[in-house]
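Written out below as structure tokens is the structure these notes cover.
The values are calculated or read from the model by the stated rules, or taken from the named source; none is laboratory data. None of these values were measured; they are calculated from a predicted model. A quick note on method: Cβ atoms are made from the backbone with ideal geometry, for glycine too, and the neighbour counts reach across all protein chains shown.
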């Protein structure tokens, strides 16, 4: 557990090298997080092939920023769109 900004977070650590298939299988709520940021990770109900880094770079976004935000969202009590649950 890690304590940040007065809140305790579990230590989920998604890396840029995780495959999209593994990401959406382990963390289904990550789909909405990525889609809200314009990063396609599902097509016709099936995960897109490749890594999280590949998907982020395809959209010209910052890999480091997206991975950090995703980890923070997964570790917190948010619904991954930023809304507290």
Query raised in the report: Regarding residue 9, is this residue surrounded by 15 or more Cβ atoms within 10 Å (Cβ to Cβ), touching a helix residue (DSSP H, G or I) at 6+ places or on another chain (Cβ under 9 Å) and at pLDDT below 65?
Result: yes
Query - Unmet requirement for residue 36, which otherwise passes all of (1) at pLDDT 90 or above; (2) touching a strand residue (DSSP E or B) at 6+ places or on another chain (Cβ under 7 Å) - result: (2)
Requested in this report: Report the residue count in region 51-69 for those that are under 12 Å from the mean Cα position of the chain (by Cα) and closer than 15 Å to residue 41 by Cα.
Outcome: 8
Report task. Return only the number of the condition from (1) modelled with pLDDT of 95 or more; (2) more than 13 Å from residue 15 (Cβ to Cβ) that residue 48 does not satisfy. Result -> (1)
Query raised in the report: Can you find a residue in region 76-83 that is within 10 Å of the chain's Cα centre (by Cα), surrounded by 11 or more Cβ atoms within 10 Å (Cβ to Cβ) and modelled with pLDDT of 80 or more?
Result: no
Query raised in the report: Which of the residues spanning region 13-31 are assigned to a helix (DSSP H, G or I) and surrounded by fewer than 18 Cβ atoms within 10 Å (Cβ to Cβ)?
Result: 21, 22, 25, 26
